[in-house]
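These notes are about the structure you will find just below.
The values are calculated or read from the model by the stated rules, or taken from the named source; none is laboratory data. Values in this document were obtained by computation on a predicted structure and should not be read as measured data. Glycine also receives a Cβ, built like all others from the backbone with ideal geometry; neighbour counts cover every protein chain displayed.
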Amino acid sequence: MIKKLAFVVAMLPFAAQAADLPNYPFIHASGEGFAMIVPDLGEIDFDISVYDPEPAAAVALVGERAAQIRALLADANASVDIHNMRKEMRKSGQTDLNAVPDYEIRSAVHIAVNDLGQWRDIMQGLLAMPNIDHMATTFGRKDRLQAEKELTLAAVKDAERRAEAMAAGLGKKVGAVTAISSGQLRNLTHAVGLMPGDLYPRNRSVNVPPADKDFLATDVLRWSQTVDVIFRIK
């Protein structure tokens, strides 16, 4: 009796999950589209950061650096947005809790470079300026939407190819598509576990920049798109 009760309890989670499964023979396949793409636009983000015991002098120097940045980009195919001037407490080694804290003036800068042929000259000019920190760069494509469409089509074809291979192994054929998702089909993937979670490196396009990043170089884009598809079995 105890063994029978244990069997029934063990089956309860599966019974609840099975209600989410299609009620017809099906194949669940995942596909991926992946491409190495040369970028044609870039973005630069950094802070102008100035410390001076006199806050007014610091603000004036931030304005001076901002003017130099705009002058650097005057003849470039680029746009610049300098905003969010703020006062932040400096990180220092002071241990006296009663000491007057030091503050620095910061302003955020965002530059969009639309001609990467000018990238190196722009970066060399910025890197030669004092009071620049927290720099980060990203790259992209003007035709991003078209590239995403092509990656999705490649991912769907990859899923279809995998499904046909599985069906052939059973002496069957792939039928109509009954469900498709640009991510994992949650009920199938997580609840039932039809697809192992490590089948694809889902974050392939996310890279942590090295400490010695070469800001003068442009990065090749590594873009990927995955799909989950349910096919009927003929």
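Listing for the model above:
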quantity: Residue in region 196-204 that is under 22 Å from residue 78 (Cα atoms), of a type in the set (Phe, Trp, Tyr) and at pLDDT below 95 present; calculated: no
quantity: Enumeration of residues in region 50-65 that are within 16 Å of residue 128 (Cβ to Cβ) and not basic (Lys, Arg); calculated: 64
quantity: Residues that are touching a residue at least 60 places away in the same chain (Cβ under 8 Å) and within 31 Å of the chain's Cα centre (by Cα), drawn from region 63-78; calculated: 65, 69
quantity: Out of 160, 148, sole residue that is in the same structural domain as residue 222 (by TED's automatic domain parsing) and at pLDDT below 95; calculated: 148
